[in-house]
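Trainee: Got a structure here, written out as structure tokens. Questions coming.
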Amino acid sequence: MSAAATTAERIETYEDFVKVHGLLLTASGLPQSLHRKLFAKLSSETFDGGSFFQIVPCDDGPQRSLVLTSESMPKHSDVFLVDHAWTFRLSDAYNQLREVPGLAERMASIMCVDGDSNSDSEENGVNGNDARKTVFEVVESEIVVAKEKGEDNLKWLELEELEIDDDALLSLDLANKFPGLLALSLCGNKLENADVVVQEVTKFKDLRALWLNNNPVVEKCGVQLADKVLQGLPNLEIYNSKFTSNYGEWALGFCGEVYDKENPGSGKLQDDPSLQRITSLDLSNRCIHNLIDKAFSLLRLPSLSYLNIRGNPLEQNSIGDLFQILGGFPGLHSLEVDIPGPLGESAVEILESLPNLSVLNGVVASKILEHGKHVIDSKLQPRLPEWTADESLADRVLNAMWPYLMTYRLADEEKIDETSVWYVMDELGSALRHSDEPNFRVAPFLFMPEGKLASAVSFSILWPIQNVQKGDECTRDFLFGIGEDKQRSARLTAWFHTPENYFIQFGKTPSVSFDSSMATLPLRKGNPDIFYLMICLRYHATPIVSKTCCRQISCGAIFGVATTILKRMMELFSLYEKHWNNLQSRKLTLPPIQPYPPRSPLRNDGCPLRLYTDIPHVEEFLTRPEFVINLSLLLFLGCCLKATDPNRADIIWTSVQVDEDMKKATGITDNQFVNQFPFEACIVMKHHLAETIQKAHGSPEWLQPTYNLETNLSEFIGDYYVRKRDGRDHLWILKPWNMARTIDTTVTDNLTAIIRLMETGPKICQKYIEHPALFNGKKFDLRYIVLVRSMKPLELFLSDVFWARLANNSYSLEKHSFFEYETHFTVMNYRGRFNHKNTPEFVKEFELEHQVKWLDIRERVRTMIRSVFEAAAIAHPEMHSPTSRAMYGVDVMLDSSFNPKLLEVTYCPDCARACKYDTEAIVGGVVKGRDFFNDIFGCLFLNETTHVSPL
């Protein structure tokens, strides 16, 4: 390192800059040709992006994009500094938004949630009699307009969001005023009484379209209301935006943009020549069950060349019938349809059956046939923020921030920071939208002007990776470097809506390969917001992703619309369903086994057992004469420094993993007893614990639904959507695979947040226990100590010593509380206020508060713990070792019905409380803290059962 760096003087030269930041420059991916320019801009704090780019609002929702304003920008020609507008840790986010002046306002502006999302009737002075008067004024205005046009009878009436209630609808007497009405919209009002609605709307005998969307009556009486309306209006063709079974020429004319408010058609629609002009017909998401209709024919639609039938079940038609119907339109050259769907699962078969098609789902037919593969495609729309007018800016930002966040974790030579840092780029950086073929790249960069981490200032750097022309949108890849082997397509769900209807309908599980040569389509100027990507599928019996084809997808996402259809997204629900059914069908039991003869650790010479340990509490509190700790085994980060020959130890009791490398380094042999079992990761690492239990027991009640996000993200998304669809709670907790003390653990119901949190390290996502048993209104969990003498046969013991760990704050499901450690977490030994509750007092007060018997709870807990270790013995027989003896911490939570739920299993648990406090066993006498390890070692090595009970 240079003198500038070591003396804390500012870096003045480019050479010193490179010496200090060499690793950071390499990690960023910035071309070396731009390193000197970056140094110049960092040194002078030059933020010159405004001279080259412009932030522009988007037409398709609350978002912005970044457009190049200079004439051109060649690849790798310049680099720009992007400031970080907000840097924070998750636990501090809510308080910072509330307390830092101007922060919530700036973030709300960046994330486009600073406006009023809907009109407030009170602010507009619309209430009570004023609202009814406004409705009458609208009706009178419509009558005047109709007369000015020379129309005696109004045929199209829109009375939307006018606060119309049941009384107002009756008093309007619309049927007498407009007896010949063909289309009526009452969307967004306050209609509640189904009988009143049916009575009034069924008076319009010629009505072809009725919209009652977003009225309370639809939510309360949806099916019954629809049945009564359709019985009273036999000519109705469109009801609440969906086709009825009576649809015909009017409905097709409406979707073909022939009929609208200016041209509603007439009551006599037979053979209307207007339909013959229709060339493009969008019937998507109309809930069409049967396409066989005399109106949908070549005779009525002779000019039809484009047809969209996505999102319709069409279950009343066979594939053959549909091919026959569509084949009857010789001019039909472009078709959009779900694949798999009503026309089958193969794009090739569709094209072979409809040879006149030149474009299928936006893809040229010749290219599909050339590759000869099944095709699934989709239009992906961005996830735009949603909020209500009465939400505070802080609440809006917390909900909307996840698509904008980026993250890093600090580290130095000694340690890595336990919690990640999140940040939001400034207005320019946040306007960059996603593309699978981006023209810019962004990377975080830590500038240390004085050569030390203490002087570091974080930026992002932006540079072109393609040639860009004036007016082009500037984009980046939100998942740069993440391919399908890391579930790229599923992870894009964080930014884009996935087609939920596909998740529910189809059950095949494909292996997926991407063909990048088929993934890029030219921009269609007439419709710049819709692009398509083909996924080629090869169906197999098991879901295996072809690694040879896991390339980064290339698909020209222009104007910020994602063009990558999510890998396996069409099968997410089926993956979840298969996953769930598979778990439900599993039920393994311990097979009859021949127990190995137990090996006694006792020495033949009658001498005490010699113990190596690096655990201070063992050294201090193991005082029995049967054991001697007269040697010191110094362990540090897996390395062993021998003070004396380790071969002399009978027992190794360490907090460090004893693997083959450790054995070689220390001389530990297979004849020495170790406080670890082989392959115990199957229970002490959270993702393996869930897999072990699921493999043996399927989905027991005591294990919350759990997903390894690194391998089962698709299944999780399917579960999330099913819960959302069914109106069930979908609150989850994310836990790192192998970190303790709730480090990097988050509670959230935000799907985007869950997916983005994968970026801070591998995690499981587990269904949160929304309704736990509480102690004086606060959350708690229980730490049990389990002793394992043998895995084959299974010899388990439960220590009489256990303790409750209490949260400090009253329990709440208020979203703000998810950021409060002391509300939702219970481990206060290392952070927060530690309040110990003596176990006998806790049990007595808990029984009194909830009128339950702890002995009943204890038996359920014991049964569950036994099942956990049975699962390990069943699923991983390789755990058996005659020279292993181990102690595990098992963390348990009780739900509101006092049933135990497994949280985790911990290797070499912290037993400071057990040693510090005397307690009284639930069944038994007083247990002295100073004797805790004497009892533990007596059980494991001397076959005693003092203050332990067999499981």
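Trainee: Go through segment 914-926 residue by residue and tally those that are surrounded by fewer than 21 Cβ atoms within 10 Å (Cβ to Cβ) and either touching a residue at least 40 places away in the same chain (Cβ under 8 Å) or part of a strand (DSSP E or B) (or both).
Mentor: 8
Trainee: For segment 855-889, enumerate the residues that are of a type in the set (Val, Ile, Thr) and outside any helix (DSSP H, G or I).
Mentor: Listed by number, the list holds a single entry, Thr883.
Trainee: Output the number of residues of segment 767-788 satisfying the condition of being touching a strand residue (DSSP E or B) at 6+ places or on another chain (Cβ under 8 Å), outside any strand (DSSP E or B) and not β-branched (Val, Ile, Thr).
Mentor: 4
Trainee: Quick one: Thr946 ticks every box in (1) in contact with a Gly (Cβ under 8 Å, 6 or more places away or on another chain); (2) assigned to a helix (DSSP H, G or I); (3) of a type in the set (S, T, N, Q) except a single one, so which number is it?
Mentor: (2)
Trainee: Looking at segment 216-224, is at least one residue outside the structural domain of Gly331 (by TED's automatic domain parsing), within 24 Å of Phe178 (Cβ to Cβ) and either over 42 Å from the mean Cα position of the chain (by Cα) or not in a loop (DSSP other than H, G, I, E, B) (or both)?
Mentor: yes
Trainee: Got a number for residues in segment 237-264 being of a type in the set (Val, Ile, Thr) and part of a loop (DSSP other than H, G, I, E, B)?
Mentor: 2
Trainee: Looking at Phe802, is it part of a strand (DSSP E or B), closer than 17 Å to Asp895 by Cβ and among the hydrophobic types (A, V, I, L, M, F, W, C)?
Mentor: So Phe802 does not fit the description; no.
Trainee: Is segment 709-724 home to any residue that is closer than 30 Å to Phe932 by Cβ, at pLDDT below 95 and of a type in the set (Lys, Arg)?
Mentor: Within segment 709-724 (the criterion being closer than 30 Å to Phe932 by Cβ, at pLDDT below 95 and of a type in the set (Lys, Arg)), the answer is no, since none of the residues qualifies.
Trainee: Which one of these does Ala912 not meet: (1) at pLDDT below 95; (2) under 15 Å from Pro700 (Cβ atoms)?
Mentor: (2)
Quick grid of which residues meet (1) touching a helix residue (DSSP H, G or I) at 6+ places or on another chain (Cβ under 9 Å); (2) without any contact (Cβ under 8 Å) to a residue 40 or more places away in the chain; (3) not in a loop (DSSP other than H, G, I, E, B):
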site: Ile292; (1), (2), (3): yes, yes, no
site: Leu301; (1), (2), (3): yes, no, no
site: Gln324; (1), (2), (3): no, yes, yes
site: Pro330; (1), (2), (3): no, yes, no
site: Ile350; (1), (2), (3): yes, yes, yes
site: Asn356; (1), (2), (3): yes, yes, no
site: Glu391; (1), (2), (3): yes, yes, no
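Trainee: Glu12 versus (1) loosely packed, with under 14 Cβ neighbours inside 10 Å; (2) within 34 Å of the chain's Cα centre (by Cα); (3) over 29 Å from Glu473 (Cβ atoms): which is the lone unmet condition?
Mentor: (2)
Trainee: Across segment 223-261, which residue is surrounded by the most Cβ atoms within 10 Å (Cβ to Cβ) among those that are of a type in the set (Gly, Ala, Ser) and over 18 Å from Val198 (Cα atoms)?
Mentor: Gly253
Trainee: Condition test on Ile238, is it within 18 Å of Leu207 (Cβ to Cβ) and touching a strand residue (DSSP E or B) at 6+ places or on another chain (Cβ under 8 Å)?
Mentor: yes
Trainee: How many residues does segment 887-903 contain that are touching a helix residue (DSSP H, G or I) at 6+ places or on another chain (Cβ under 8 Å) and buried (at least 19 other Cβ atoms within 10 Å of the Cβ)?
Mentor: Here the count works out to 7.
Trainee: Is one or more of the residues making up segment 626-639 part of a loop (DSSP other than H, G, I, E, B), at pLDDT 90 or above and either out of contact with any Asp or Glu (no Cβ under 9 Å at 6 or more places or on another chain) or surrounded by 12 or more Cβ atoms within 10 Å (Cβ to Cβ) (or both)?
Mentor: Looking for residues that are part of a loop (DSSP other than H, G, I, E, B), at pLDDT 90 or above and either out of contact with any Asp or Glu (no Cβ under 9 Å at 6 or more places or on another chain) or surrounded by 12 or more Cβ atoms within 10 Å (Cβ to Cβ) (or both), one finds at least one in segment 626-639, hence yes.
Residues checked against (1) assigned to a helix (DSSP H, G or I); (2) modelled with pLDDT under 95:
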{"site": "Ala4", "(1), (2)": "yes, yes"}
{"site": "Ala8", "(1), (2)": "no, yes"}
{"site": "Phe17", "(1), (2)": "yes, no"}
{"site": "Leu24", "(1), (2)": "yes, yes"}
{"site": "Arg36", "(1), (2)": "yes, no"}
{"site": "Lys41", "(1), (2)": "yes, no"}
{"site": "Val67", "(1), (2)": "no, no"}
{"site": "His76", "(1), (2)": "no, no"}
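Trainee: Hey, does segment 723-738 have a residue that's assigned to a helix (DSSP H, G or I), of a type outside the set (Val, Ile, Thr) and crowded, with 17+ Cβ neighbours inside 10 Å?
Mentor: yes
Trainee: Let me ask something else about it. Does Phe88 fit the bill of being crowded, with 19+ Cβ neighbours inside 10 Å, under 22 Å from Met406 (Cα atoms) and either in contact (Cβ under 8 Å) with a residue 12 or more places away in the chain or of a type in the set (D, E, K, R) (or both)?
Mentor: In short, yes.
Trainee: What pairs come up if the first residue lies in segment 36-64 and is under 26 Å from Leu446 (Cα atoms), the second is among the aromatic types (Phe, Trp, Tyr), and their beta carbons are under 6 Å apart, counting only those six or more places apart or on different chains?
Mentor: Pairs found: Arg36/Tyr14; Phe39/Tyr14; Phe39/Phe17; Leu42/Phe447; Gly49/Phe80.
Here's the yes/no breakdown for (1) assigned by TED's automatic domain parsing to the domain that holds Pro444; (2) within 37 Å of the chain's Cα centre (by Cα); (3) surrounded by fewer than 16 Cβ atoms within 10 Å (Cβ to Cβ):
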position: Leu38; (1), (2), (3): yes, yes, no
position: Lys41; (1), (2), (3): yes, no, no
position: Gly50; (1), (2), (3): yes, yes, yes
position: Phe53; (1), (2), (3): yes, yes, no
position: Asp59; (1), (2), (3): yes, yes, yes
position: Pro62; (1), (2), (3): yes, yes, no
position: Leu66; (1), (2), (3): yes, yes, no
position: Ser70; (1), (2), (3): yes, no, yes
position: Met73; (1), (2), (3): yes, yes, no
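Trainee: Right, next: Spot the failing condition for Ser810; the list is (1) touching a residue at least 60 places away in the same chain (Cβ under 8 Å); (2) surrounded by fewer than 18 Cβ atoms within 10 Å (Cβ to Cβ), and only one is missed.
Mentor: Going through the list (1) touching a residue at least 60 places away in the same chain (Cβ under 8 Å); (2) surrounded by fewer than 18 Cβ atoms within 10 Å (Cβ to Cβ), Ser810 breaks only (1).
Condition check ((1) among the small types (Gly, Ala, Ser); (2) in the same structural domain as Val135 (by TED's automatic domain parsing); (3) more than 38 Å from the chain's Cα centre (by Cα)) across all residues:
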residue: Leu184; (1), (2), (3): no, yes, yes
residue: Asn193; (1), (2), (3): no, yes, yes
residue: Thr202; (1), (2), (3): no, yes, yes
residue: Gln231; (1), (2), (3): no, yes, yes
residue: Asn240; (1), (2), (3): no, yes, no
residue: Leu252; (1), (2), (3): no, no, yes
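Residues checked against (1) β-branched (Val, Ile, Thr); (2) surrounded by fewer than 21 Cβ atoms within 10 Å (Cβ to Cβ); (3) part of a strand (DSSP E or B):
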site: Lys664; (1), (2), (3): no, yes, no
site: Asp670; (1), (2), (3): no, yes, no
site: Phe677; (1), (2), (3): no, no, no
site: Cys682; (1), (2), (3): no, no, no
site: Ala690; (1), (2), (3): no, no, no
site: Ile693; (1), (2), (3): yes, no, no
site: Ala696; (1), (2), (3): no, no, no
site: Ser699; (1), (2), (3): no, yes, no
site: Tyr707; (1), (2), (3): no, no, yes
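Trainee: Only one of Asn189, Asn176 is within 39 Å of the chain's Cα centre (by Cα) and farther than 18 Å from Trp250 by Cβ; which?
Mentor: Asn189
Trainee: Do the conditions hold for Ser334, that is, is it within 38 Å of the chain's Cα centre (by Cα), at negative phi and small (Gly, Ala, Ser)?
Mentor: yes
Trainee: Just the residues that are within 15 Å of Arg476 (Cβ to Cβ) and modelled with pLDDT under 95, please, taken from segment 50-63.
Mentor: Within segment 50-63, Gln63 is the sole residue that qualifies.
Trainee: Next question, about the same structure. Please pick out the residue among Val892, Val852 that is hydrophobic (A, V, I, L, M, F, W, C) and either in a loop (DSSP other than H, G, I, E, B) or over 34 Å from the mean Cα position of the chain (by Cα) (or both).
Mentor: Val852
The values are calculated or read from the model by the stated rules, or taken from the named source; none is laboratory data. The structure presented is a predicted model; accordingly, all values stated were derived computationally and were not measured. All Cβ positions, even for glycine, are placed from backbone atoms using ideal geometry, and neighbour counts span all protein chains on display.
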